[in-house]
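Trainee: Mind having a look at this structure? Questions to follow.
The values are calculated or read from the model by the stated rules, or taken from the named source; none is laboratory data. Given the structure is predicted, the values throughout are model-derived calculations rather than measurements. Neighbour counts are summed over all protein chains in view; Cβ atoms, including those assigned to glycine, are modelled from backbone coordinates with ideal geometry. Please note that ligands, DNA and RNA were not included when accessible areas were found on the heavy atoms of the full protein model with its side chains. Shrake-Rupley method; radii C 1.70, N 1.55, O 1.52, S 1.80 Å.
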Amino acid sequence: MRVIGLMSGTSYDAIDAAAADLVLDGDTLCLRPLGHLSVPYPDELRDLLAAALPPATLTAQTVCALDTGIGHAFAGAAARALHELCADAADLVVSHGQTLYHWVGGGTVHGTLQLGQPAWIAQRTGLPVVSDLRSKDVAAGGQGAPLVSMTDTLLLRARPGIPAALNLGGIANLTVVAPDAAPSAFDTGPANALLDAAVRHFTGGAAHYDEDGRRAAAGRSDPGLLRFLLADPYYRRPAPKTTGKEHFHLPYLQQALQATPGLDADDVLATLTRLTAVTVADACRAHHVTELVVSGGGTRNPTLLRMLTEELPGVPLRLSDALGLPSAAKEALAFAILGFLTFHGLPGTIAATTGARQAALLGSITPGRSPLRLPEPAPSPPGMLRITR
């Protein structure tokens, strides 16, 4: 089955599209990547989205405009992927959409909202679309994240020691796969979320991120600011747990800077980069991780990777590319896998990784131009992921 996965994370800079051929062979899910591409959001839509994110107050008109605009943008990305990666032949599109709000209170996720109306994708491509993949897990008592933990677990299960997969998006999430134990997955805290907010703040919007980590490399981590940030109770909460820009946003950072005034901008960026490295390393040590497989946009920040290496001496870091999953496309491929599982009547979560009462069959399906025909449900979920060429 040829599947296109679409993803835009908490950095909301672009839509990542990846295509793959997927086949279930006994208890092994075989994935052959067909390529990936990244489609930047139109400036006007990105600005509207940035202005709408927490702690902003929205009108229903703005939510409708975002849902429609993001739907059109995802439809355009899907159409490009269908033509450029799949030679105009695919069976399914899976759309994560754009998270606008993840409603967490007292450690419980009460709801989650991803925008990007899938009807636009189905209309543009003619293909059925699986979307809204987080809500079913939330309804089952789960955190609704990190959903990439299913792919991580299947990928790492055969590796020796205690391997972990780290995704560095706006938020950093970790999946730990220990032998003879249920996997564990959770958000460790911010990766790029506070860094990007700080760069926009210090440059007046002229820059959106710290390119190649250059400004952080030019600064020095400030112990006072780092202590203040690490005092956040989130880091001491047990897994499973999730967070987002509802918590780690510019006003949050400004409050921290008011408590530690007079810092140079580059020193702030160095401290925020160190914050990510320290919180990830603390989580890895707590779970006795022996190998870290890294993916996501943060892998393009050599300063962050250097700090991670410093904080985790003796733990080898390798990009997911080394295991066959392109780090830039891993999340999009992970959602392609989830949609494939949904289409075959299989759960897309492992209850232990999200805290749900049971594993959930995820998402809603929007038909394409042809009548919707689902295959016979598969007899059992896969236990392993094999990457083929």
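Trainee: In nm, what is the difference between 0.36 nm times the number of residues separating Ala65 and Arg227 and their Cα-Cα distance?
Mentor: Going from the current span to full extension adds 54.3 nm.
Trainee: Within a Cβ distance under 12 Å of Thr354, other residues only, what is the Lys/Arg minus Asp/Glu net charge?
Mentor: Cβ neighbours under 12 Å give a net charge of +2.
Trainee: For Cα pairs less than 8 Å apart in space and 6+ apart in sequence, what is the mean separation divided by the residue count of the chain, i.e. the relative contact order in percent?
Mentor: Answer for the chain is 24 percent.
Trainee: Tell me the mean residue ellipticity at 222 nm calculated for the chain from its helices only (DSSP H runs of n ≥ 4, each -39500 (n - 2.57), averaged over every residue, nearest 500).
Mentor: About -11000 deg cm²/dmol.
Trainee: Apply the Karplus curve 6.51 cos²θ - 1.76 cosθ + 1.60, θ = phi - 60°, to the phi angles in the range 57-68 and return the couplings in whole Hz, x for Gly and Pro.
Mentor: Computed from phi, the couplings for the range 57-68 are 9, 10, 9, 4, 4, 5, 4, 5, 5, 5, 4, 6 Hz.
Trainee: Taking all protein chains in place and a 1.4 Å probe, what share, in percent, of the accessible surface of the range 150-236 do carbon and sulfur account for?
Mentor: The nonpolar share, carbon plus sulfur, comes to 54 percent.
Trainee: So, one more: Nothing charged except the Cβ atoms of Lys and Arg (+1) and of Asp and Glu (-1): what's the magnitude of the dipole of the range 14-73 about its Cα centre? Round to the nearest 20 debye.
Mentor: Once rounded to the nearest 20, the dipole reads 100 debye.
Trainee: Run the dipole for the chain about the Cα centre, Lys and Arg Cβ at +1, Asp and Glu Cβ at -1, nothing else charged, and hand back the magnitude in debye, nearest 20.
Mentor: My answer is approximately 500 debye.
Trainee: While we're on this one: Got a sec to turn the phi values of the range 192-209 into Karplus ³J(HN,Hα) couplings, 6.51 cos²θ - 1.76 cosθ + 1.60 with θ = phi - 60°, whole Hz, x for Gly and Pro?
Mentor: Ordered by residue, 3J(HN,Hα) equals 9, 4, 6, 4, 5, 4, 5, 4, 4, 5, 6, 9, x, x, 5, 10, 10, 7 Hz.
Trainee: Where does the charge balance sit around Lys330 when Lys and Arg score +1, Asp and Glu -1, over other residues with C-beta under 10 Å from its C-beta?
Mentor: Summing Lys and Arg as +1 and Asp and Glu as -1 gives -4.
Trainee: Using amide H atoms built 1.01 Å from N in the peptide plane, name the residues 5+ places from Thr99, or on other chains, whose amide H lies under 5 Å from its own.
Mentor: Answer set, sorted by chain and number: Leu115.
Trainee: Taking the Cα centre as origin and putting +1 on Lys and Arg beta-carbons and -1 on Asp and Glu beta-carbons, what dipole magnitude results for the range 233-389, to the nearest 20 debye?
Mentor: 560 debye
Trainee: Give me the percent of DSSP beta bridges within the chain that run antiparallel, rounded to the nearest 5.
Mentor: Bridges in the chain are about 65 percent antiparallel.
Trainee: Against the 2.2 N^0.38 Å scaling, with N counting residues, where does the range 269-389 land? I'd like the Cα-based Rg ratio to two decimal places.
Mentor: Here the Cα radius of gyration is 1.35 times the empirical estimate.
Trainee: Of all alpha-carbon pairs in the range 155-291, indicate the percentage at a distance above 18 angstrom.
Mentor: 55 percent
Trainee: By per-residue mean of other Cβ atoms within 10 Å, what is the highest-first order of 323-334, 42-53?
Mentor: Per-residue Cβ counts within 10 Å, averaged per peptide and sorted highest first, yield 323-334, 42-53.
Trainee: With labels modelled as points extended 7 Å from the Cα through the Cβ direction, what inter-label distance (nm, one decimal) is found for Ser370 paired with Asp180?
Mentor: 5.0 nm
Trainee: Expressed in nm², what is the orientationally averaged projection area of the convex hull enclosing the Cα positions of the range 162-226?
Mentor: Answer in nm², one decimal: 5.8.
Trainee: A follow-up question, please. Efficiency by 1/(1 + (r/R0)^6): what FRET value for Arg200 and Ala322, r their Cβ-Cβ distance, R0 = 30 Å, to the nearest 0.05?
Mentor: E between Arg200 and Ala322, to the nearest 0.05, is 0.35.
Trainee: Sticking with this structure for a sec: Could you tell me which residue out of Cys86, Gly106, Ala50 lies farthest along the dipole of the range 1-129 toward its positive end? Charges go on the beta carbon: Lys and Arg +1, Asp and Glu -1, centred on the Cα centre.
Mentor: Result: Gly106, furthest along the dipole toward the positive end.
Trainee: Which value, in nm² and rounded to one decimal, describes the direction-averaged projected area of the C-alpha convex hull of the range 22-123?
Mentor: 9.2 nm²
Trainee: Another question about this same structure. With only alpha-carbon atoms counted, please give the Rg and Dmax of the chain, in Å.
Mentor: Rg then Dmax for the chain, in Å: 19.9, 63.
Trainee: Give the Rg (one decimal place) followed by the Dmax (whole number) of the range 326-389, computed from C-alpha coordinates and expressed in Å.
Mentor: That works out to 13.4, 38 Å for Rg and Dmax.
Trainee: In whole Hz, with x marking every Gly and Pro, tabulate ³J(HN,Hα) for the range 340-346 from phi via Karplus 6.51 cos²θ - 1.76 cosθ + 1.60, θ = phi - 60°.
Mentor: In residue order, the calculated couplings are 4, 4, 4, 4, 9, x, 10 Hz.
Trainee: Let me ask something else. Find which of Pro375, Gly363, Ala286 sits farthest along the positive direction of the dipole of the range 258-386, computed with +1 on the beta-carbon of Lys and Arg, -1 on that of Asp and Glu, about the Cα centre.
Mentor: Pro375
Trainee: Ignoring any ligand, DNA or RNA, what whole percent of the accessible area of the range 269-389 comes from carbon and sulfur when the probe is 1.4 angstrom?
Mentor: That fraction is 55 percent.
Trainee: Related question: For Ala259 paired with Arg159, estimate the spin-label separation in nm (one decimal), with each label point 7 Å from Cα along the Cα-to-Cβ line.
Mentor: So the label points at Ala259 and Arg159 sit 3.4 nm apart.
Trainee: In a shell of Cβ-Cβ distance under 14 Å around Arg157, excluding Arg157 itself, what net charge do Lys and Arg (+1) and Asp and Glu (-1) give?
Mentor: So the surrounding residues net to -2.
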